[in-house]
Amino acid sequence: MNILKLGIPKGSLQESTIKLFGKAGYNIAVSGRSYVPTIDDPEIECLMFRAQEIARYVERGVLDVGLTGKDWITENNADVVEVEDLIYSKATSKMFRWVVAVPEESDIQSVKDLAGKRIATELVEATKRYLARHGVSAEVEYSWGATEIKVPHLVDAIVEGTETGTSLRAHRLRIIDTVVESNTKLIANDRAWSDPWRREKIETLAVLLKGALEAEGKVGLKMNVPRACLAQVSAELPALHTPTISNQIDEEWVALEVIVDKHTARNLIPRLKKAGAEGIIEYPLNSVIY
(Lines give C-alpha, C1' and ligand atoms only; values in the text may rest on other atoms or scores of the structure.)
Protein backbone atom coordinates (compact mmCIF):
# COMPACT_ATOMS: atom_id res chain seq x y z
CA MET A 1 0.00 0.00 0.00
CA ASN A 2 1.18 3.54 -0.80
CA ILE A 3 1.71 5.64 2.32
CA LEU A 4 1.91 9.42 2.54
CA LYS A 5 4.14 10.62 5.38
CA LEU A 6 2.58 13.71 6.95
CA GLY A 7 4.27 16.08 9.40
CA ILE A 8 2.07 17.63 12.11
CA PRO A 9 3.53 20.61 14.04
CA LYS A 10 4.03 19.97 17.74
CA GLY A 11 3.71 22.86 20.16
CA SER A 12 1.67 26.03 19.74
CA LEU A 13 0.13 24.98 16.40
CA GLN A 14 -0.67 21.42 17.47
CA GLU A 15 -4.18 21.91 18.84
CA SER A 16 -5.38 24.23 16.08
CA THR A 17 -3.93 21.94 13.39
CA ILE A 18 -5.64 18.82 14.76
CA LYS A 19 -8.90 20.77 15.03
CA LEU A 20 -8.57 21.90 11.40
CA PHE A 21 -7.98 18.31 10.23
CA GLY A 22 -11.07 17.26 12.19
CA LYS A 23 -13.21 19.79 10.34
CA ALA A 24 -11.70 18.53 7.07
CA GLY A 25 -12.86 14.97 7.93
CA TYR A 26 -9.65 13.52 9.36
CA ASN A 27 -9.56 12.42 12.99
CA ILE A 28 -6.06 12.67 14.48
CA ALA A 29 -5.37 11.33 17.97
CA VAL A 30 -2.25 12.05 20.03
CA SER A 31 -1.43 9.67 22.87
CA GLY A 32 0.48 11.21 25.77
CA ARG A 33 4.00 12.18 24.75
CA SER A 34 3.94 10.11 21.55
CA TYR A 35 5.41 11.67 18.42
CA VAL A 36 3.44 9.29 16.19
CA PRO A 37 -0.21 10.40 16.14
CA THR A 38 -2.85 8.12 14.65
CA ILE A 39 -5.11 9.23 11.80
CA ASP A 40 -8.22 7.51 10.45
CA ASP A 41 -6.83 7.23 6.91
CA PRO A 42 -4.83 4.05 6.27
CA GLU A 43 -2.94 5.77 3.46
CA ILE A 44 -1.47 8.46 5.73
CA GLU A 45 1.20 8.06 8.41
CA CYS A 46 1.64 10.97 10.84
CA LEU A 47 4.82 12.09 12.54
CA MET A 48 4.99 15.04 14.91
CA PHE A 49 7.89 17.50 15.00
CA ARG A 50 8.39 21.08 16.09
CA ALA A 51 7.24 23.51 13.39
CA GLN A 52 10.83 24.81 13.26
CA GLU A 53 12.02 21.42 11.95
CA ILE A 54 9.30 20.34 9.54
CA ALA A 55 10.51 22.24 6.46
CA ARG A 56 13.94 20.64 6.83
CA TYR A 57 12.51 17.13 7.18
CA VAL A 58 10.19 17.63 4.22
CA GLU A 59 13.11 18.80 2.09
CA ARG A 60 15.18 15.76 3.09
CA GLY A 61 12.34 13.32 2.33
CA VAL A 62 11.81 12.16 5.93
CA LEU A 63 8.30 13.56 5.36
CA ASP A 64 6.42 13.75 2.07
CA VAL A 65 4.28 16.65 3.19
CA GLY A 66 3.86 18.79 6.29
CA LEU A 67 2.44 21.92 7.84
CA THR A 68 4.73 24.69 9.04
CA GLY A 69 5.06 28.44 8.97
CA LYS A 70 6.52 30.49 6.16
CA ASP A 71 8.89 31.87 8.81
CA TRP A 72 10.51 28.47 9.37
CA ILE A 73 10.72 27.75 5.65
CA THR A 74 12.60 31.04 5.36
CA GLU A 75 14.76 30.37 8.43
CA ASN A 76 15.83 26.94 7.10
CA ASN A 77 16.15 28.25 3.53
CA ALA A 78 14.29 25.04 2.64
CA ASP A 79 13.78 24.01 -0.98
CA VAL A 80 10.17 22.78 -0.83
CA VAL A 81 6.96 23.03 -2.84
CA GLU A 82 4.54 25.46 -1.17
CA VAL A 83 1.27 23.70 -1.98
CA GLU A 84 -1.30 25.83 -0.14
CA ASP A 85 -1.58 28.86 2.13
CA LEU A 86 -3.54 28.04 5.29
CA ILE A 87 -3.93 31.27 7.24
CA TYR A 88 -4.42 30.13 10.79
CA SER A 89 -2.32 30.21 13.94
CA LYS A 90 -2.58 29.11 17.56
CA ALA A 91 -5.15 31.77 18.45
CA THR A 92 -6.31 33.82 15.48
CA SER A 93 -6.69 33.84 11.73
CA LYS A 94 -4.31 36.79 11.41
CA MET A 95 -0.92 36.71 9.76
CA PHE A 96 1.91 36.02 12.21
CA ARG A 97 4.74 38.56 12.19
CA TRP A 98 8.35 38.53 13.32
CA VAL A 99 9.14 42.11 14.29
CA VAL A 100 12.10 44.15 15.46
CA ALA A 101 11.25 45.52 18.89
CA VAL A 102 13.14 47.83 21.22
CA PRO A 103 12.43 49.39 24.63
CA GLU A 104 9.99 52.31 24.48
CA GLU A 105 12.72 54.72 25.61
CA SER A 106 15.34 53.43 23.11
CA ASP A 107 16.98 55.81 20.63
CA ILE A 108 16.62 53.15 17.90
CA GLN A 109 13.99 54.37 15.43
CA SER A 110 14.70 52.38 12.24
CA VAL A 111 16.60 49.38 10.96
CA LYS A 112 19.57 51.63 10.10
CA ASP A 113 19.96 52.43 13.81
CA LEU A 114 20.66 48.73 14.50
CA ALA A 115 24.17 49.04 13.07
CA GLY A 116 26.68 47.73 15.60
CA LYS A 117 23.93 46.65 18.00
CA ARG A 118 23.20 43.24 19.53
CA ILE A 119 19.91 41.48 18.66
CA ALA A 120 18.39 38.36 20.27
CA THR A 121 15.98 36.09 18.40
CA GLU A 122 15.00 32.51 17.59
CA LEU A 123 14.90 33.51 13.91
CA VAL A 124 18.63 33.99 13.50
CA GLU A 125 19.24 33.28 9.80
CA ALA A 126 16.19 35.19 8.56
CA THR A 127 17.20 38.15 10.74
CA LYS A 128 20.73 38.13 9.34
CA ARG A 129 19.35 38.13 5.78
CA TYR A 130 16.96 40.97 6.70
CA LEU A 131 19.87 43.07 8.03
CA ALA A 132 21.96 42.29 4.96
CA ARG A 133 19.16 43.49 2.67
CA HIS A 134 19.27 46.82 4.50
CA GLY A 135 23.07 46.99 4.48
CA VAL A 136 23.25 46.85 8.27
CA SER A 137 25.94 45.00 10.24
CA ALA A 138 24.83 43.86 13.71
CA GLU A 139 25.41 40.95 16.07
CA VAL A 140 22.55 38.41 16.05
CA GLU A 141 22.44 35.81 18.82
CA TYR A 142 20.09 32.88 19.34
CA SER A 143 17.54 33.26 22.11
CA TRP A 144 16.42 30.13 23.95
CA GLY A 145 13.23 31.79 25.15
CA ALA A 146 11.97 34.64 27.36
CA THR A 147 13.25 36.93 24.62
CA GLU A 148 11.17 39.97 25.66
CA ILE A 149 12.99 40.34 28.99
CA LYS A 150 16.46 40.46 27.43
CA VAL A 151 16.18 44.10 26.41
CA PRO A 152 17.71 46.42 27.40
CA HIS A 153 19.87 44.53 29.93
CA LEU A 154 21.39 41.89 27.63
CA VAL A 155 20.72 43.11 24.08
CA ASP A 156 19.73 46.32 22.30
CA ALA A 157 16.82 44.86 20.32
CA ILE A 158 14.95 41.64 19.73
CA VAL A 159 13.23 40.00 16.78
CA GLU A 160 10.17 38.27 18.16
CA GLY A 161 7.04 36.65 16.77
CA THR A 162 3.66 38.21 17.46
CA GLU A 163 0.04 37.96 16.40
CA THR A 164 -1.43 40.93 18.25
CA GLY A 165 1.53 42.75 19.80
CA THR A 166 -0.03 42.42 23.27
CA SER A 167 2.93 40.69 24.91
CA LEU A 168 5.40 43.19 23.48
CA ARG A 169 3.38 46.13 24.76
CA ALA A 170 3.11 44.47 28.17
CA HIS A 171 6.92 44.41 28.31
CA ARG A 172 7.03 48.09 27.26
CA LEU A 173 8.54 47.31 23.88
CA ARG A 174 8.07 49.31 20.68
CA ILE A 175 7.92 47.73 17.19
CA ILE A 176 10.11 49.43 14.60
CA ASP A 177 9.83 47.07 11.61
CA THR A 178 8.61 43.69 10.36
CA VAL A 179 11.26 41.11 9.41
CA VAL A 180 9.01 38.31 8.13
CA GLU A 181 5.27 37.89 7.73
CA SER A 182 4.19 34.30 8.12
CA ASN A 183 1.23 31.98 7.88
CA THR A 184 0.90 28.22 7.99
CA LYS A 185 1.64 26.47 4.72
CA LEU A 186 1.11 22.96 3.43
CA ILE A 187 4.45 21.99 1.88
CA ALA A 188 5.81 18.98 0.01
CA ASN A 189 9.15 17.86 -1.35
CA ASP A 190 9.89 17.60 -5.05
CA ARG A 191 9.96 13.80 -5.05
CA ALA A 192 6.51 13.46 -3.47
CA TRP A 193 5.09 16.21 -5.69
CA SER A 194 6.41 14.43 -8.80
CA ASP A 195 4.82 11.10 -7.80
CA PRO A 196 1.28 10.91 -9.30
CA TRP A 197 -0.30 9.04 -6.36
CA ARG A 198 1.28 11.24 -3.70
CA ARG A 199 0.52 14.44 -5.58
CA GLU A 200 -3.17 13.52 -5.88
CA LYS A 201 -3.27 12.67 -2.16
CA ILE A 202 -1.57 15.96 -1.26
CA GLU A 203 -3.91 17.97 -3.50
CA THR A 204 -6.89 16.28 -1.84
CA LEU A 205 -5.52 17.29 1.56
CA ALA A 206 -5.04 20.85 0.33
CA VAL A 207 -8.62 21.15 -0.95
CA LEU A 208 -10.17 19.74 2.23
CA LEU A 209 -8.00 21.76 4.63
CA LYS A 210 -8.59 24.97 2.68
CA GLY A 211 -12.32 24.26 2.64
CA ALA A 212 -12.36 23.67 6.40
CA LEU A 213 -10.51 26.94 6.96
CA GLU A 214 -12.88 28.88 4.71
CA ALA A 215 -15.82 27.51 6.70
CA GLU A 216 -14.55 28.85 10.03
CA GLY A 217 -15.76 32.36 9.33
CA LYS A 218 -19.10 31.39 7.81
CA VAL A 219 -22.46 29.89 8.76
CA GLY A 220 -25.40 28.50 6.84
CA LEU A 221 -28.91 29.96 7.09
CA LYS A 222 -32.15 28.15 6.22
CA MET A 223 -35.57 29.78 6.28
CA ASN A 224 -39.11 29.62 4.97
CA VAL A 225 -40.22 32.57 2.90
CA PRO A 226 -43.63 33.52 1.45
CA ARG A 227 -43.30 33.97 -2.31
CA ALA A 228 -44.78 37.41 -1.89
CA CYS A 229 -41.79 38.40 0.30
CA LEU A 230 -39.06 36.63 -1.67
CA ALA A 231 -37.69 39.77 -3.34
CA GLN A 232 -37.47 41.66 -0.02
CA VAL A 233 -35.78 38.74 1.78
CA SER A 234 -33.35 38.05 -1.07
CA ALA A 235 -32.32 41.71 -1.12
CA GLU A 236 -31.00 41.32 2.46
CA LEU A 237 -28.73 38.37 1.69
CA PRO A 238 -24.98 38.90 1.10
CA ALA A 239 -24.62 35.41 -0.42
CA LEU A 240 -21.46 33.81 -1.78
CA HIS A 241 -23.34 33.57 -5.06
CA THR A 242 -27.15 33.49 -5.10
CA PRO A 243 -29.35 31.77 -2.52
CA THR A 244 -30.70 28.26 -3.11
CA ILE A 245 -34.49 28.36 -3.42
CA SER A 246 -36.61 25.20 -3.17
CA ASN A 247 -40.34 24.71 -3.69
CA GLN A 248 -42.51 23.60 -0.79
CA ILE A 249 -45.77 21.63 -0.76
CA ASP A 250 -47.56 24.89 -0.10
CA GLU A 251 -47.06 26.73 -3.38
CA GLU A 252 -47.26 30.07 -1.63
CA TRP A 253 -43.98 29.36 0.23
CA VAL A 254 -40.39 28.52 -0.67
CA ALA A 255 -37.40 27.28 1.35
CA LEU A 256 -34.32 29.45 1.06
CA GLU A 257 -30.73 28.51 1.99
CA VAL A 258 -27.59 30.60 1.90
CA ILE A 259 -24.04 30.86 3.31
CA VAL A 260 -23.03 34.13 5.01
CA ASP A 261 -20.17 35.52 7.06
CA LYS A 262 -20.56 34.46 10.70
CA HIS A 263 -20.10 37.98 12.08
CA THR A 264 -22.98 39.32 9.96
CA ALA A 265 -25.54 36.70 11.02
CA ARG A 266 -26.60 38.32 14.29
CA ASN A 267 -27.58 41.54 12.54
CA LEU A 268 -28.90 39.83 9.43
CA ILE A 269 -31.38 37.43 11.05
CA PRO A 270 -33.62 40.16 12.55
CA ARG A 271 -33.72 41.92 9.16
CA LEU A 272 -34.69 38.66 7.42
CA LYS A 273 -37.50 38.13 9.90
CA LYS A 274 -38.70 41.70 9.40
CA ALA A 275 -38.65 41.17 5.62
CA GLY A 276 -40.97 38.16 5.98
CA ALA A 277 -38.77 35.08 6.57
CA GLU A 278 -39.90 32.50 9.14
CA GLY A 279 -38.42 29.35 10.71
CA ILE A 280 -34.89 30.74 10.38
CA ILE A 281 -32.15 28.24 11.29
CA GLU A 282 -28.46 29.10 11.69
CA TYR A 283 -26.02 26.17 11.48
CA PRO A 284 -22.22 25.75 11.54
CA LEU A 285 -20.22 24.59 8.52
CA ASN A 286 -17.36 22.11 8.33
CA SER A 287 -16.21 22.99 4.84
CA VAL A 288 -16.71 25.60 2.12
CA ILE A 289 -15.00 24.70 -1.15
CA TYR A 290 -15.10 27.23 -3.97
Pairs, please: C-beta under 9 Å, at least 6 apart or cross-chain, first residue in a loop (DSSP other than H, G, I, E, B) and in the stretch 252-267, second modelled with pLDDT of 95 or more?
Glu252/Pro226; Glu252/Arg227; Glu252/Ala228
Among the candidates Glu141, Glu84, which residue alone is in the same structural domain as Ser16 (by TED's automatic domain parsing) and among the charged types (D, E, K, R)?
Glu84
Report the residue count in the stretch 178-204 for those that are surrounded by 17 or more Cβ atoms within 10 Å (Cβ to Cβ) and farther than 12 Å from Asp64 by Cα.
5
The stretch 1-55, residues that are among the basic types (Lys, Arg) and in contact with a strand residue (DSSP E or B) (Cβ under 6 Å, 6 or more places away or on another chain):
Lys5, Lys10, Arg50
Just checking, how many residues over the stretch 24-58 are under 15 Å from Leu4 (Cβ atoms), within 20 Å of the chain's Cα centre (by Cα) and assigned to a loop (DSSP other than H, G, I, E, B)?
2
Testing Lys185 on (1) within 22 Å of the chain's Cα centre (by Cα); (2) farther than 26 Å from Ser16 by Cβ, one condition comes back false. Which one is that?
(2)
What strands (runs of 3 or more DSSP E) lie completely within the stretch 152-248 and have 2 or more residues being more than 30 Å from Gly279 (Cα to Cα) and in contact (Cβ under 8 Å) with a residue 60 or more places away in the chain?
157-162, 173-182, 184-188
Filtered residues of the stretch 59-91 (kept if assigned to a loop (DSSP other than H, G, I, E, B) and under 20 Å from Glu45 (Cα atoms)):
Gly61, Val62, Leu63, Asp64, Val80
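The values are calculated or read from the model by the stated rules, or taken from the named source; none is laboratory data. The structure displayed is predicted, hence computed values, not measured ones. Here the Cβ is made from the backbone with ideal geometry for all residues, glycine too, and neighbour counts use every protein chain on show.
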